[in-house]
Number of protein chains: 2
Amino acid sequence: MSEQSFVGVDAGGTRTRLVLADHQGGLHASVEGGPGDYQRLGAAGVGALITELLQRLQPELVPTVLCAGVAGAGRAPEQQALCGELESRQVAAQILVVSDARAALEGAHGGMAGLVCIAGTGSMVLGRNAAGEEARAGGWGPVLGDQGSAYALVLEGVRRALQAEDGSGEATSLQRDLLEALELGNWTDIVAAVYGSGLSRARLAEACPAIFAAARRGDRVAADIIDAAAYALGAQVGAVARRLRLTAPVAVACTGGVFAEIEILRGPLTRGAGGVALALRPPRLPGCLGALLLAMGEGTVNVPESVISNWIMP
Amino acid sequence: MSEQSFVGVDAGGTRTRLVLADHQGGLHASVEGGPGDYQRLGAAGVGALITELLQRLQPELVPTVLCAGVAGAGRAPEQQALCGELESRQVAAQILVVSDARAALEGAHGGMAGLVCIAGTGSMVLGRNAAGEEARAGGWGPVLGDQGSAYALVLEGVRRALQAEDGSGEATSLQRDLLEALELGNWTDIVAAVYGSGLSRARLAEACPAIFAAARRGDRVAADIIDAAAYALGAQVGAVARRLRLTAPVAVACTGGVFAEIEILRGPLTRGAGGVALALRPPRLPGCLGALLLAMGEGTVNVPESVISNWIMP
């Protein structure tokens, strides 16, 4: 391996991945570990995890630049705290910490301008234009935002099922479907579980396929929920595209578990974007390769398109 | 005072009131103390508060029946725990614990059939027919329900303001109005405060008048929020009226801080109820007199309408 080396990190709620490259963009190795969510582990926990994975990736390695895209580290104070932690652990000569969304955006278009629309447990739309300006919409978290996320879809499903239960809303098979998906006996249990500690956000989000299945079987309430959610995501995509003055059709990389159902979402998402023509597609590269691109850019290494085209996770 | 005596208790999130009557329904005394919310104080705390207030009401008094309507004690396990606590303190020969909503319903129509629509910090619709059957709609708490509550109105206002902020929603003066009402500098602060501990549910609910003020000044987003909230309350009222087979026009007592704005709510609430004709009015008696009626009923004392008509809190 050449003198200079670069490491990209994608630390998410489910797993953490590291990938190593040389200064020409040659991919050498990757390694995978457990969850690296900042809100759960804190700076010390994420720092320890990355240090350990780095040693498994290549013992004694001190890369030229390491860039970590970290879930739950969307704000400057968190990024600075984790950067300080990684510096004190001397994991790399130069260290950059960004949100996992920022790493996803960089990977989504192989370092080029475009948008990423993320809808997993949470949701967010993030974009960048050719001038390097960034803009975001949504991503205000589970109480104030995260429209179109798996958690938001299921929560709305539970609400509508409860309204069917007390007669104030339309009848829906979700009354039965969600109880089954959440392995609960009755609606009193679900209320107690949501307010107690029995039903986490992640666990609720896992029931999301039940909403899509109900819609596919013709349940109008489920279809409404999905329609409104995709429309809201589309409105966020449209807003970011307009603010960044992107030319149509705007490349939108769709990522996160909810987009397993891209065909159901396409229509309302496009309507939500208003007049902005969209080209919806899967992300080109995963988040850890996005983080790698950011690491190499920070080291002023420009990876040619011909190299990126051949990238396959080692 | 006659041999038999009855005490009604309304223990709420803001204050607790006790009222004392003889077996003929003569009101003798009342006393007021601090908050008696079960979720905050627990059985021991609410028990201690009621015991202390009872001694202030009349030292050495052991009433024949005491009925306590308690906020946050809507479910059987909570009611049983508090009942046990009050029994061990020997506060009365006979003890009955119900939710504050049940006491409000009893007071709202002076013990007669009808509905109560509560919209304060939380919300709920509860009703009773002449046969004594009860039904409820809504009241699924701040995450799953409480449509039309002050908290729900403000939360939706914050959401819509954030959507205006990132360009994914319509422009609204709530962006400025809610920051002012919540005494915050910017929207980053509000997000941090909602997810941190800076902004409680009660504090958010207090900003509710800002939503109504904006609607009155012609803000379309604020008007939409209020319209949807009142419509949802109406749907709950309609559902309960239908389930109880109440004859039109259905007497609906509206109570809680949100109903300070009854004139703005009347239209969409009526539409939400569908075909059910409503007679919206303020509650006839406060919750503690509702609890008193329940206490007297439990003691098989029937208070004649002529007595109730003359009730004024002592």
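All of the numbers you see were taken from the coordinates with simple rules; none came from a lab. All of these numbers come straight from a predicted model, not from anything done at the bench. Positions of Cβ are backbone-derived with ideal geometry, glycine not excepted, and every protein chain shown enters the neighbour counts.
Note on chain A: antiparallel DSSP beta bridges, both residues inside, total approximately 55 percent of the bridges counted. If you average the C-alpha positions of the stretch B:235-283 and of the stretch A:217-278 separately, how far apart do those two centres end up, in angstrom? Centre-to-centre distance over Cα atoms comes out at 37 Å. Using a cutoff of 8 angstrom between alpha carbon atoms and counting only pairs six or more residues apart, the relative contact order for the stretch B:97-181 works out to 17 percent.
Ranked from shortest, the separations from the 7 Å Cα-to-Cβ label point of B:Ala29 to its equivalents in the other copies are 8.3 nm.
DSSP assigns beta bridges within the protein assembly as shown; of those with both partners inside it, close to 55 percent run antiparallel.
Residue-wise HN-Hα couplings along the stretch A:216-222, as the Karplus relation 6.51 cos²θ - 1.76 cosθ + 1.60 with θ = phi - 60° gives them from phi, are 5, 7, x, 5, 6, 5, 4 Hz; Gly and Pro carry x.
Cβ-to-Cβ counts within 10 Å put B:Thr51, B:Thr270 in ascending order as B:Thr51, B:Thr270, the fewest first. Electrostatic bookkeeping for A:Glu3 treats Lys and Arg as +1 and Asp and Glu as -1; over the other residues with beta carbon under 15 Å from its beta carbon, the sum is -2.
Neighbour counting of Cβ atoms within 10 Å sorts the residues B:Cys117, A:Cys288, A:Cys83, fewest neighbours leading, into A:Cys83, A:Cys288, B:Cys117.
Label-to-label distances for A:Gly132 across copies, nearest first, come out at 7.8 nm, using points 7 Å from Cα in the beta-carbon direction. For the stretch B:141-281, the Cβ-based charge dipole about the Cα centre amounts to some 800 debye (Lys, Arg positive; Asp, Glu negative; other atoms uncharged). Other protein chain C-beta atoms within 10 Å of residue C-beta, averaged over B:236-245: 2. Of the trypsin sites (Lys or Arg not before Pro) found in the stretch B:1-94, those in coil by DSSP whose Cβ has at most 16 other Cβ atoms within 10 Å are B:Arg15, B:Arg75, B:Arg89. Counting beta carbons within 10 Å around each of B:Ser99, A:Ser88, B:Ser306 and listing the fewest first gives the order B:Ser306, A:Ser88, B:Ser99.
Each residue of the stretch A:52-63 is assigned a 3J(HN,Hα), and the resulting list reads 5, 5, 5, 5, 5, 5, 6, x, 6, 5, 10, x Hz, derived from the Karplus form 6.51 cos²θ - 1.76 cosθ + 1.60 (θ = phi - 60°), x at Gly and Pro. Dipole magnitude for the protein assembly as shown: computed about the Cα centre from +1 point charges on Lys and Arg Cβ and -1 point charges on Asp and Glu Cβ, it is near 1180 debye. Applying the Karplus relation 6.51 cos²θ - 1.76 cosθ + 1.60 with θ = phi - 60° to the stretch B:239-244 yields 3J(HN,Hα) values of 4, 5, 4, 5, 5, 8 Hz, where x marks Gly and Pro.
Averaged over the residues of B:149-160, the number of partner chain Cβ atoms lying within 10 Å of the residue Cβ comes to 1. If you look at the Cα atoms of the protein assembly as shown, you get an Rg and a Dmax of 29.0, 99 Å. Amide H contacts of B:Ala73 (H built 1.01 Å from N, in plane; Pro and chain starts excluded): B:Tyr38, B:Asp100 sit under 5 Å, all sequence-distant by 5 or more or on other chains.
The same position A:Ala248 in the other copies lies at 4.7 nm from this copy, comparing label points 7 Å beyond Cα toward the beta-carbon, shortest first. Each Lys and Arg adds +1 at its Cβ and each Asp and Glu adds -1 at its Cβ; summed about the Cα centre, chain A shows a dipole of about 640 debye. Computed with the Debye formula from one identical point scatterer per Cα of the stretch B:141-281, without solvent, the log10 of I(q)/I(0) at q = 0.11 Å⁻¹ comes to -0.43. Of all chain B residues, the closest to the B-onto-A rotation axis by Cβ, with that distance in whole Å, is B:Val143, 4.
Toward the positive end of the charge dipole of chain B, with +1 on the Cβ of Lys and Arg and -1 on the Cβ of Asp and Glu, the farthest Cα among B:Gly275, B:Leu153, B:Gly110 is that of B:Gly275. In the protein assembly as shown, helices alone account for a calculated mean residue ellipticity at 222 nm of -14000 deg cm²/dmol, with every DSSP H run of four or more residues adding -39,500 (n - 2.57).
Inter-chain neighbour count for B:83-96: the average number of beta-carbon atoms from partner chains within 10 Å of each residue's beta-carbon is 0.
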